[in-house]
Every structure is written in C-alpha cells, then in structure tokens.
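Here's the structure we're looking at; comments come further down.
The values are calculated or read from the model by the stated rules, or taken from the named source; none is laboratory data. Given the structure is predicted, the values throughout are model-derived calculations rather than measurements. Glycine also receives a Cβ, built like all others from the backbone with ideal geometry; neighbour counts cover every protein chain displayed.
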Amino acid sequence: MNDVLPSDAPQWLYLESVLRTLLNDYGYQHIRTPMLETTPLFVRSIGEVTDIVEKEMYTFTDSLNGESLTLRPEGTAGVLRAVVEHNLLYNATQRLWYTGPMFRHERPQKGRYRQFSQTGVEVLGFPGPDIDAEILLMTADLWQRLGIADYVELQINTLGNREERGAHRTALIAYLEQHAERLDEDGKRRLYTNPLRVLDTKNPDLQEICNAAPRLIDYLGAESRAHYQGWKAMLDAVGIRYTENPRLVRGLDYYNLSVFEWVTSELGAQGTVCAGGRYDGLVEDLGGKPTPGIGFGMGMERILLLLQEKGLIPATSGVDVYLVQQGEGASLYAMKLAKQLRAAGVSVMQHLGEGSFKSQMKKADGSGAAYAVIVGENEIANGTAIVKSLRSEAEQRTVAFAEVADAIAAFKA
Ligand code: ATP
Ligand code: MG
C-alpha cells in the first residue's frame, strides 16, 4: 500500500478532474459507499471460485459482534447493495460512477498493489446493447482527452446467458477431462469448479489445449447473438475499433453477454487499464427486482503509469503570488494584503515567520508562484507594496496597497 506524496499528488488530482468532467458530460451521477462490507456480499456477487474470493480478500472478524467483514476488493458489489437498500431503481434507471481505494492481497509489482484505486461506472435498467456501446464511447473519449488513445486497444467478447454457459460448460468439462493430465495445478483445480477460467490461463504450455477447446460462441442462442451483433454494429457505426477475443472471460463470476477490456502493451504484464461487462442477474441475486446492469472498473495507477511513461501529465502551476514580508509590523500588513488579494481572486502564499530577504525570494521561486509581492518597513510607511514578476524580465513596480490586485492583472495582460 502506497503513500501519495505531495510530489505525486498533482497527477492524481489531474486524472480525477478529467474523469469528473467526463462523467458529468455523459450524465452519470456520483455515488460513495463504505470501504467495508459484510463478507458474504462479496462471496455471493464475485463468486466462490475466483482469484479474489479464494485468495485476495482482506477479511477479518468484527470483535464487537463476531461478524465477518471485508475491505472492498472491487466497487460493483457495494454500489448494487446500496442501490437495492435505498430502492434507487423504483421507477428509475441509474447511471452511476464511483472512485476510491480497493484492497486485494496480491503480490505487489509494477501496476499491481494491495491498495489501489478504481474509478468505475454501474448502469442499471438498460437491457439493449446501446448502453454497452455508450460506455465504450465514453471510455474511448477518455483516452482521447488524456492523449493515450494510440496506446490502448479494445478487446470484446460475449459470454451468453446462464443456460448457454451451462451447455458450453458441460462440453468444456468433457473436453478438458480428456486432457486433464496435461493441465497445470490451477487448471486441474478449476476443471470442475470454473472451467471457463481454465481457458483464461497465461501458461504458454496450455495454449494449444485452450485454442482447440469448445467455443462458447458456438453455444449462443438467437437472442444472445443478436445482442452481440447489435453491440458490434454500434461500435462500427461510431468508429470504435475492437478485437474479438473469444478467450476473454473476466475474473468475476457475475458477468453475462458483453464483456470487454481496454489493454495496453506499454506496461508489461499488467496491461489491462479498464475492464467490465454486463451483469444482468446480479441485482436480483442481491435481493433487488430483476434489473439489467453493466459496468466497468479502471485501474487509476495503471492509467497514471501510462501517462507518466508518455510524458502526458501537464505541469501544474503554483499560486499567483508569494508574499514576501520583512520588518516591524510587516507580517500583519502582509496578512491583510493577502486577504484582500484573495478576495479579488488572486491566489497567495504568504511567507510566515522570520527569514532573510534572499531566502524568502528563494522560497518564492521554489513555490512556482508567478509573482512576488514584497512588503517591508518602507512599504508599510507609504501604504504600498512592490510587485515583481518571477517568470519574466518585466520591471518591478511599487503600487498602492489597494491596487496590488489590479497591478497583477495588468502584469498578466
Ligand atoms: P488482473 O488480471 O490485472 O489481475 P483483474 O481482472 O483482477 O485484473 P478487475 O477486477 O477487472 O481486474 O479490476 C479492474 C481494473 O482494476 C483492472 O483492469 C486493473 O486496471 C485494476 N486492478 C485490478 N487489480 C489491481 C491491483 N492489484 N493493483 C492495481 N490495479 C488493479
Ligand atoms: Mg486480479
């Protein structure tokens, strides 16, 4: 788990502000849920035989009442719990977004941490493929706004419905049983519990077996096919390029029909920056009325790594003014001046305490401020201040106390 120090914080604030504007532009509403939920919520929604539930959750017993609690490993379960609990689907659809820390007990490495941040959306109440296309339009727009559109690629797949997956599962188990002795440990363990995930392996020795396995797409009925075709037709129509990846199954159990991942080849093994899909049965599983749903989560650290790698994080500017003050009564005079400047919309960092003129000017420069405003005993006596540009050769000026804000505006122009 990492600290975000002041030197790194500006890039977080930048990414968060781009996201906030984007989600607002598409009419999504913000929701905040607790970081801690009861353990069965995650087990029920994510699924018993998944990496997350099997080995990645931070789970502990609440000593007050013996209840099992878990730090959220992902955002969907908590948001849907809140939606059901507060009846947000009564006569309404919802386009929701969240952001915040998630927790998974993984081996830390570049792009993989035990506390990481996801921004995600959950959209409820839309059965057709139009919303599946909309959320991809929105993410494609995000890559444009961040300048990384050329470095990410979209992969899509369809998982059909429960019955179709059931029929495929039977065929897949029969097939994998024939090759059981060649499967690795994970593969053997998952053969009966989650055979679809056997195909999700990254083990190169298993690629041949996986490639020849029965394909889910061949088990889809007319309705599921129509949904998939409709989705692809919309993506084609709005110019979003994608690769169909029949092996894309996603690590969580609740998905059906459309699933997708935005991946980059710029970050090594941790290449998925945004992933999601449809989960039409989940609201009902969590005690709500049957409601179609779809969502995605994006890993903020991985997006930041990509932005850093490509030098795409804009430089942040400092305050407008560093206020240098020296001599008897200067501190109070400067404080009043700072108050007046801020009221006029000028951002100000005031030097506090002692310090030679030289060291204060050094601090002014280091603060990134565009101007130094200097007050000493002379200025106090005359009711003035000196305004000096720190980033240009412009001549410094002495102006009346009441006119400092105007002088800065004039400097800027
Ligand atoms: P991976 O295959 O990389 O483990 P996942 O399938 O477990 O990913 P999801 O549960 O789909 O990931 O989470 C959505 C996104 O959150 C991922 O695509 C990734 O960008 C990010 N993410 C997941 N786990 C971590 C982690 N431990 N550290 C940083 N980012 C993560
Ligand atoms: Mg994972």
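Remark: Arg145 falls outside the filter, which requires a residue to be charged (D, E, K, R), within 22 Å of the chain's Cα centre (by Cα) and not in a helix (DSSP H, G or I). Taking the conditions (1) among the aliphatic types (A, V, I, L, M); (2) touching a residue at least 60 places away in the same chain (Cβ under 8 Å); (3) in contact with a Phe, Trp or Tyr (Cβ under 7 Å, 6 or more places away or on another chain); (4) within 16 Å of ligand 1 (Cβ to nearest atom) in turn, Ile31 satisfies each one other than (4). Scanning the range 245-275 for residues that are over 23 Å from Pro127 (Cα atoms) and small (Gly, Ala, Ser) yields Ser265, Gly268, Ala269, Gly271.
With respect to Glu106, determine if the residue is over 22 Å from Ile313 (Cβ atoms), touching a strand residue (DSSP E or B) at 6+ places or on another chain (Cβ under 7 Å) and either away from ligand 2 (no atom under 16 Å from the Cβ) or in contact (Cβ under 8 Å) with a residue 24 or more places away in the chain (or both). Criteria met by Glu106.
Applying the selection to the range 266-279, what residues are at pLDDT 95 or above and more than 11 Å from ligand 1 (Cβ to nearest atom)? Arg278, Tyr279, listed by residue number. When you look at Gln207, is it of a type in the set (S, T, N, Q) and farther than 29 Å from Gln118 by Cβ, yes or no? Spelling it out, Gln207 is indeed of a type in the set (S, T, N, Q) and farther than 29 Å from Gln118 by Cβ. Within the range 291-301, is there a residue that is part of a loop (DSSP other than H, G, I, E, B), touching a strand residue (DSSP E or B) at 6+ places or on another chain (Cβ under 8 Å) and more than 30 Å from Gly368 (Cβ to Cβ)? The answer is yes, given that some residue of the range 291-301 is part of a loop (DSSP other than H, G, I, E, B), touching a strand residue (DSSP E or B) at 6+ places or on another chain (Cβ under 8 Å) and more than 30 Å from Gly368 (Cβ to Cβ).
Can you find even one residue in the range 83-101 that is part of a helix (DSSP H, G or I), away from ligand 1 (no atom under 16 Å from the Cβ) and within 30 Å of Leu196 (Cβ to Cβ)? Scanning the range 83-101, I find at least one residue that is part of a helix (DSSP H, G or I), away from ligand 1 (no atom under 16 Å from the Cβ) and within 30 Å of Leu196 (Cβ to Cβ), so the answer is yes.
Kindly establish whether Leu191 is assigned to a helix (DSSP H, G or I) and of a type in the set (A, V, I, L, M). Yes, satisfied. Candidates are the residues of the range 229-256 that are at pLDDT 95 or above and either within 16 Å of ligand 2 (Cβ to nearest atom) or of a type in the set (A, V, I, L, M, F, W, C) (or both); the one that is surrounded by the fewest Cβ atoms within 10 Å (Cβ to Cβ) is Ala237. Suppose the filter is more than 16 Å from ligand 2 (Cβ to nearest atom) and among the small types (Gly, Ala, Ser); does Ser45 pass it? In short, no.
Could you list, in sequence order, all residues of the range 102-123 that are within 18 Å of Tyr279 (Cβ to Cβ) and near ligand 1 (Cβ under 6 Å from one of its atoms)? Once the filter is applied, which keeps residues that are within 18 Å of Tyr279 (Cβ to Cβ) and near ligand 1 (Cβ under 6 Å from one of its atoms), the range 102-123 yields only Gln118. Considering Val49, Val79, the condition of being in contact with a helix residue (DSSP H, G or I) (Cβ under 6 Å, 6 or more places away or on another chain) and in the same structural domain as Gln94 (by the TED database) is satisfied by Val49 alone.
Only one of the listed residues (Ala133, Ala140, Ala167, Ala174) is more than 16 Å from ligand 2 (Cβ to nearest atom), surrounded by 15 or more Cβ atoms within 10 Å (Cβ to Cβ), outside the structural domain of Tyr254 (by the TED database) and assigned to a helix (DSSP H, G or I). That residue is Ala167.
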